[in-house]
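Let me begin by presenting the structure, written as structure tokens, before commenting on it.
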Amino acid sequence: MEKETSIMELKGVGDKTRQLFAKLDIHTVGDLLCAYPRDYEVYGKPVEISRLVPGEVCAVHAAISGIPNEKRAGKLHILNMKAADSTGSLQLTFYNMPFLKKTLKRGGFYLFRGMVQTRGREKAMEQPKIFSLEEYGRLTDRLVPRYSLTKGLTNSMVQKCVKQVLSLYEFEPEYCTERMLGQNCLIPLRQAVETIHFPSDYDSLLAARKRLVFDEFFQFLFLMRRNREFSEQLPNHYRILETAHTIRFLEQLPFPLTEAQKRVWAEIREDLGGACCMNRLIQGDVGSGKTIVAVLALLMTAANGYQGALMAPTEVLAMQHFETIQEYTSKYGLVFRPVLLVGSMNAREKKEARAMISSGEANLVIGTHALIQEKVEYRRLALAVTDEQHRFGVRQRECLAGKGEAPHILVMSATPIPRTLAIILYGDLHLSVIDELPANRLPVKNCVVNTSYRPSAYRFIAGEVKKGRQAYVICPQVEGEGDGEGGVSLENVVDYAEKLRNALPREIQVACLHGKMRPADKKRIMEEFAARSIDVLVSTTVIEVGINVPNATVMMVENAERFGLAQLHQLRGRVGRGGDQSYCIFISGSEKQETMDRLKILNRSNDGFHIASEDLKLRGPGELFGIRQSGEFSFRMGDIYSDAPVLKQASEAVDLLLREDPDLQEADHQPLRRHLLEASANSVDFRSI
Ligand code: ADP
Ligand code: MG
């Protein structure tokens, strides 16, 4: 069995299962092996009722006491029961399981496992799983992998398939040398892949994870640094010099640039007119005003007779940039002729846009990934700007760059990365930092609370809407994904919006927005929100990047414990963008002390860089599973914050290799060379290895 073998070859996988796997983008056995578990379920030893910790998933061995109580709410059947041991009692609630009234016998002992909640002064579990003592004994202390699923595909089906692959698949040979493994304390590849799926204990899981994360970082850094050598030598094909246009534009702007914006703008002007091609990253906290600096650079490019492109990670953001730029164009009579190109435009619109781009009629092109598709031909592309670049990854950046004859590259990121890490991760770019917010901002007021605060939060939102403001509510999931095991259920956009419609006064308009919607619908909803015909937007983190609706003053985040602090800070950046006082409400579904402490860091600071470094200090690899920052750099598993030590190690290993054998000529390095070549096969500039 090869990596490319279709999963149809596996026993028990027919066409129906194949289609389900395809939804998760799993087609081959290789894909399946790389679909690492999302997290692991640990079946801890049962504890006494008095030791149950609210907010945690626990198991308890207790006897049914008292008389069951049945209720109906619409279609829902609710069964309340009580269980007790010598240390206390516990309320149990089951939904749509009326038969349990008979199965669970009064006085009988059972093992219940679920999320512990508090209900008044009592502890409670909703929909706990029920086991016999023997059954549970077999599971105790094992780490059971939990995979990302889709409706119809169960966790045990995925487990079975992975097991089959592990027993049949001929693993690729180890590509790290003995020395690399030794120096970096890494376990062999095969062992790592087997262990990540079926760990025998926690320590070996961490070792497996470390190996896989190391590989990801190593590969990324090696290719990036090879590329740096390549791009540093590029001469400036387009000398772009200051014209009266930018100066006039700055005079007409309703606000002066901050000192930090001025400094960065000066650095860019110097690059554009200098001897070498620009390769620059602008880092600046959310709301620090990066867009205007990019607009200046694009304007200057157009004024010099060239084309500039601005690529955003989402259509919503691309359209917002397009509108901003159009507004500037008409207001200040600029040399811009902007054109928009996004995937959801129809064939005719796209064709027109492409024609304007290739004829040079449009000198400013704004869009999404659509900008780097092959069909687009540029006329004189001299500047390629990517916004929120971490969403793209090096390869896509390179692709846009490959469109012109080595255009200048400017990337903008709001991901607050501590400087030591930025130097490693952005080693191929010069760094400009906007470390100052415009003066007119009122700091956002924050609160971190548990779910019992919800009614007050809704009243507060209703009050703000009455004043003419708008609000966002963020949920971690799109629709009920039946997390099931352990009873940990997360809030989802679709059900939540319904709940909110019932909880808020009828005249308040509530709408949802999430990544599974059609682009045209997303666009419509965002437009309606910007036009204020929607008051409250319930959304997943699709709104996290870049959206600018200054009239929104409340950001409420459900299951805030599921997000990294840096990501929560990004979400917070969606409010506080206008002159009005803004508020952030972080609702934690877990009452664990560490979780609350971690979230409270957000209360104390509004500075993204400070938050990121605090997050870094607090989180060890132990807390990794489940929380992830927003997928920066599209690493599959590695997290630049909590895996920072591994990132540094990989960086040193790359340096060593580049010093000793940069072209990977030594016999020992041949497997590594083949592996890296394969990894870079789709990218433009790395072929020279
Ligand atoms: P980000 O850095 O997060 O991309 P934006 O560029 O979207 O931030 O800017 C946020 C808001 O701040 C915009 O409405 C923009 O017009 C405004 N802004 C930018 N620079 C200044 C400034 N120097 N003074 C006042 N407002 C500014
Ligand atoms: Mg932005």
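Given a 1.4 Å probe and heavy atoms of the protein chains only, how would you sort 430, 669, largest accessible area at the top? Let's see the in-between values first.
Working: 430 105, 669 15 Å².
From most exposed to least exposed: 430, 669.
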- Karplus-derived 3J(HN,Hα) from phi for region 596-613 (6.51 cos²θ - 1.76 cosθ + 1.60, θ = phi - 60°), whole Hz, x at Gly and Pro, runs 4, 4, 4, 5, 5, 4, 5, 5, 8, 9, 10, 9, x, 5, 5, 4, 4, 6
- Once you have the Cα-Cα distance between residue 270 and residue 594, take 0.36 nm times their residue separation minus that, and quote the gain in nm to one decimal. 111.9 nm
- Message: Using a 7 Å offset from the Cα along the Cα-to-Cβ direction at both residue 551 and residue 203, what is the distance between the two label points in nm, to one decimal?
- Response: 6.0 nm
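Using only Cα atoms, figure out Rg for region 150-205 and give it as a multiple of 2.2 N^0.38 Å.
1.40
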- The lysines whose Cα lies under 17 Å from the Cα of residue 71, excluding any fewer than 8 residues away in the same chain, are 82, 101, 102
- Item | Alpha carbon centroid spacing (whole Å) that separates region 231-279 from region 146-186 | 48 Å
- Kindly provide the pair-distance distribution of the chain built from C-alpha pairs, with 20 Å bins from 0 and whole-percent values in order of increasing distance. 16, 47, 32, 6, 0
- Taking amide H positions as placed 1.01 Å from N in the peptide plane, with prolines and chain starts having none, which residues 5 or more places from residue 38, or on another chain, fall under 5 Å of its amide H? 146, 147, 148
- To the nearest Å², the heavy-atom accessible area per residue of the chain with 1.4 Å probe amounts to 45 Å²
- Query: If amide H atoms are built 1.01 Å from N in the plane of the peptide, which residues on other chains or at least 5 residues away come under 5 Å of the amide H of residue 431?
  - Reply: 281
- Task: Compute the FRET efficiency between residue 9 and residue 72 as 1/(1 + (r/R0)^6), taking r as their Cβ-Cβ distance and R0 = 51 Å, and round to the nearest 0.05.
- Result: 0.55
- Note on the structure: Under the Karplus relation with 6.51, -1.76 and 1.60 and θ = phi - 60°, whole-Hz ³J(HN,Hα) for region 266-281, x at Gly and Pro, equal 5, 4, 5, 4, 5, 4, 5, x, x, 7, 10, 5, 6, 9, 10, 10
- Message: Cβ neighbours within 10 Å, averaged per peptide: list 532-539, 295-302 in order, most packed at the top.
- Response: 295-302, 532-539
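Check each of the trypsin sites (Lys or Arg not before Pro) in region 50-97 and keep only those in coil by DSSP with at most 14 other C-beta atoms within 10 angstrom; list them in order.
Sparse-neighbourhood loop trypsin sites (Lys or Arg not before Pro): 75.
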- For region 206-338, the percent of accessible surface on carbon and sulfur atoms (probe 1.4 angstrom, ligands and nucleic acids excluded) is 53 percent
- Determine the gain in length on full extension of the stretch residue 156-residue 24; use 0.36 nm per residue of separation and subtract their C-alpha separation, reporting nm with one decimal. 45.9 nm
- Note on the structure: Taking protein heavy atoms only, a 1.4 Å probe, and rounding to whole percent, the accessible area of region 78-135 owed to carbon and sulfur comes out at 55 percent
- Item | Helix-only mean residue ellipticity at 222 nm for the chain, each DSSP H run of n ≥ 4 adding -39500 (n - 2.57), per residue, nearest 500 | -11500 deg cm²/dmol
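The values are calculated or read from the model by the stated rules, or taken from the named source; none is laboratory data. The structure displayed is predicted, hence computed values, not measured ones. Neighbour counts are summed over all protein chains in view; Cβ atoms, including those assigned to glycine, are modelled from backbone coordinates with ideal geometry. Ligands, DNA and RNA are stripped out before the accessible areas are found, and what is left, the full protein with its side chains, is counted by its heavy atoms. Shrake-Rupley method; radii C 1.70, N 1.55, O 1.52, S 1.80 Å.
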